[in-house]
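Visitor: Dropping a structure here in structure tokens format, bear with me for questions.
Readers should treat all values here as calculations from the given coordinates under stated rules, not as data from a laboratory. Bear in mind that the values here come from a model prediction, so they are computed numbers and not experimental data. Quick reminder, even Gly has a Cβ in these numbers, built from the backbone with ideal geometry, and neighbours come from all protein chains shown.
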């Protein structure tokens, strides 16, 4: 374990982001905050920091429980980060998944004109 590590490297290591460059880009775009302050990718983190990551349509919150700069498996990452996202944000995520798109059976193909009209009528 390391004593100090950059936030982009830590978020990549605990699998919040798929790549380190994606984590750094999120920091640069202002999608990552600590204590309501947007941070740079080079910011070093400490244990018990609460990190907020904006992932539309919600903001996820994570608590740093341990520090590591090495990427690890998903089963081990649970020991280094705690998801403390508010329940109302998680409910919003579920609501957008339920009402965000039309579910079609796999293999049925694109909707026909008639299907499209029926879908539009149901949406109204």
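Visitor: Among 8, 115, 120, what is the fewest-to-most ranking by other Cβ atoms within 10 Å?
Guide: Final ranking by Cβ density, sparse to dense: 120, 115, 8.
Visitor: Shape call for region 1-88 from the C-alpha gyration tensor, a ≥ b ≥ c root eigenvalues: rounded (a/c under 1.5), prolate (a/b greater than b/c) or oblate? Please list the in-between numbers first.
Guide: Numbers: a/c = 1.41, a/b = 1.19, b/c = 1.19.
Rounded.
Visitor: Specify the residue with the greatest mean-square fluctuation among 88, 79, 105, computed from a Gaussian network of the chain linking alpha-carbon atoms under 10 Å apart.
Guide: Fluctuation is largest for 105.
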